[in-house]
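The values are calculated or read from the model by the stated rules, or taken from the named source; none is laboratory data. Bear in mind that the values here come from a model prediction, so they are computed numbers and not experimental data. Neighbour counts run over all protein chains shown; Cβ positions are idealised from the backbone, glycine included. Surface areas here come from the heavy atoms of the whole protein model, side chains and all, with no ligands, DNA or RNA. Shrake-Rupley method; radii C 1.70, N 1.55, O 1.52, S 1.80 Å.
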Amino acid sequence: MLIDGKWTEDWQPVQAKDEKGGFVRQTSSFRNWVTPDGSAGPTGTDGFAAQAGRYHLYVALICPWASRTLIGRVLKGLETVIDISVVEPALTKQGWQFGDYPGATDDPVNGARYMHEIYTRADPHFTGRATVPVLWDKQTGTIVNNESSDILRMMNDGFGDLASNSIDLYPANRREEIDAFNARIYPALNNGVYRTGFATTQVAYEEGFADVFGCLDWVEAELDGKPFLFADHPTEADIRLFVTLVRFDVAYHGIFKCNLRRLSDYANLSAFCRRMLDWPGIAETVSFDHIKRGYYSIETLNPTRIVPLGPALEELF
């Protein structure tokens, strides 16, 4: 963890907890937006104009939050507009690390070894965890945004004509429904699996566990007879749902003790994941190897760091 820009404490999965021993997630610190003309977005300041090659995206393939942005980048055709760096899957004592693990990269922009160095380049006095994703501005040498929901929405409309208009991830006529869905699944499912896995008391664990499976049951019913949630193509709601579901059986069911049912026990949710994986470009953002190696590297949950051999992606969906 960084305190006033200095690495002072080995990485731990739980930085803060509530009075019940429940996991509390760190609030994102950088909330500027890329916009077509460089004007200010919903939060932050102006000055970040859409330009090809100006921005760099730092991600981890293990991380569902980072994977949201990777999927948005692919679906909006921004692969040649925004380049990326991928950290190694195993979390080190200094957090995310760049390297030569298969599927990972180095950092060609800043030459950093650890992700926390990116944060101190942006803010020499930063205090907190160095999380992914991070959208970096090469022109000004700073972090634009490290909130995945913001970056995903920027992928949809922040890059203007540089992005493909073949798919709208946030259609105007469904925004109220999408926002309501996002607000419901975030605490119960997206963050619920973490509240379950990182709980430090039985009470907190059971509350998270109940929320996770209550939400899965609800979404299973919501998807009945529908290919996607709010359109005939994926929207940001589908992306936010998918990144948690695709990790469920391979990680959360085991390492996070979310083991009442497997995702494969839900017919509609499993079929939905298959449709998402079949959508051009999405499967390339999913690495079961990185996911397993990453989650099972968390020493407090798995002291031996033994990584399970199964299941394989093709066996689940």
Taking the residues in the stretch 223-258 that are surrounded by fewer than 19 Cβ atoms within 10 Å (Cβ to Cβ) and free of Cβ contacts under 8 Å to residues at least 12 places away in the same chain as candidates, determine which candidate is farthest from the chain's Cα centre (by Cα). GLY225
Taking the conditions exactly as written (under 16 Å from the mean Cα position of the chain (by Cα), within 23 Å of PRO102 (Cβ to Cβ) and open to solvent by 60 Å² or more (accessible area, probe 1.4 Å)), does GLU284 satisfy them or not? yes
When the stretch 243-286 is examined, which residues are found to be closer than 18 Å to LEU309 by Cβ and charged (D, E, K, R)? ARG247, ASP249, ARG262
Failed item, numbered, when ASN268 is tested on (1) modelled with pLDDT of 95 or more; (2) under 21 Å from the mean Cα position of the chain (by Cα): (2)
Is there any pair linking a residue in the stretch 269-294 that is of a type in the set (S, T, N, Q) to one that is assigned to a helix (DSSP H, G or I), with Cβ under 7 Å and at least six apart or on different chains, and which? SER270/LEU263; SER270/SER264; THR285/SER67; THR285/LEU70; THR285/ILE71; THR285/VAL74
Considering only helices (runs of 4 or more DSSP H) fully contained in the stretch 191-260, which possess at least 3 residues that are of a type outside the set (A, V, I, L, M) and under 20 Å from ASN302 (Cα atoms)? 192-197, 202-222
Out of all the residues in the stretch 261-281, which are open to solvent by 20 Å² or more (accessible area, probe 1.4 Å), in a loop (DSSP other than H, G, I, E, B), under 19 Å from LEU223 (Cβ atoms) and not hydrophobic (A, V, I, L, M, F, W, C)? ARG261, ARG262
Out of the residues in the stretch 287-302 that are part of a helix (DSSP H, G or I) and aromatic (Phe, Trp, Tyr), which is most open to solvent (accessible area, probe 1.4 Å)? PHE288
